[in-house]
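What follows is one structure encoded as C-alpha cells, with my remarks underneath.
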Amino acid sequence: MIFETRHLVFTNSALKKAFGWYQKVPNQTDLPLGLIASVVPRSDGGVVVMVQQGAAKVRDVAFMPSKTLGILLLFCRRQKIPIPRDADKDIFQSDDGIMLTIRGSCSTTAPPP
C-alpha cells in the first residue's frame, strides 16, 4: 500500500473567494447576496461568514464543518485542484484560515516472477 497525506491551507482571502463563489450557486439559500466582509474560522472547522447588505446592515451566517468542507471542495473543483473522491477529508482551523487534510491510499502490485 502507498499512503498519501496532503494539506491544503485556505487563507482568509481564499475563504472569501470560496464563499463568494458559493453565493452565486443557483438555488442555494444558506448565504444571502451581499459583500462578504470576512470569514472567521471556528475551532471545530466551521466558519462564520459576515455579509454586508447595504450601508449599515451586516449579517452573520454560521456554517457547520460538513457544509464548509463541501464549499471548499466545490472551490477546489472550480480551481482545478485535484481531490480524490474516495480519500478521507478533514478540516481544521489554522493560523490564518482553514486547513483541509486529505488522506488516501492505493494498492501496489509486485512484478510477475
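Can you pull out the strands (runs of 3 or more DSSP E) entirely within the range 15-69 that have at least 3 residues that are among the β-branched types (Val, Ile, Thr)? Walk me through how you get there before you give the answer.
Numbers: elements: 35-41, 47-53, 57-63.
Here the list reads 35-41, 47-53.
Among the residues in the range 83-91, are any in contact (Cβ under 8 Å) with a residue 40 or more places away in the chain, farther than 30 Å from Thr109 by Cα, part of a strand (DSSP E or B) and of a type in the set (A, V, I, L, M)?
yes
Just the residues that are under 16 Å from Gln79 (Cβ atoms) and surrounded by fewer than 17 Cβ atoms within 10 Å (Cβ to Cβ), please, taken from the range 18-35.
Gly20, Trp21, Lys24, Val25
Would you confirm, using the coordinates I've provided, whether Gly70 is without any contact (Cβ under 8 Å) to a residue 24 or more places away in the chain and either out of contact with any helix residue (DSSP H, G or I) (no Cβ under 7 Å at 6 or more places or on another chain) or open to solvent by less than 60 Å² (accessible area, probe 1.4 Å) (or both)?
yes
Give the range 10-21 a look and list any residue that's within 16 Å of Ile81 (Cβ to Cβ), touching a residue at least 24 places away in the same chain (Cβ under 8 Å) and of a type outside the set (A, V, I, L, M, F, W, C), or say none.
Hits for the range 10-21 are Thr11, Lys17.
Open to solvent by 90 Å² or more (accessible area, probe 1.4 Å), of a type in the set (Ser, Thr, Tyr) and over 30 Å from Thr109 (Cα atoms): which single residue out of Ser43, Ser38, Ser13 fits that description?
Ser43
Of a type in the set (Gly, Ala, Ser) and exposed (fewer than 15 other Cβ atoms within 10 Å of the Cβ): is that true of Ala56 in this structure?
Answer is yes for this residue.
The values are calculated or read from the model by the stated rules, or taken from the named source; none is laboratory data. Remember, predicted model here, so these are calculated numbers, not experimental data. Positions of Cβ are generated from backbone atoms using ideal geometry, with glycine treated the same way; all protein chains shown enter the neighbour counts. Ligands, DNA and RNA are excluded from the accessible area calculation, which covers all protein heavy atoms including side chains. Shrake-Rupley method; radii C 1.70, N 1.55, O 1.52, S 1.80 Å.
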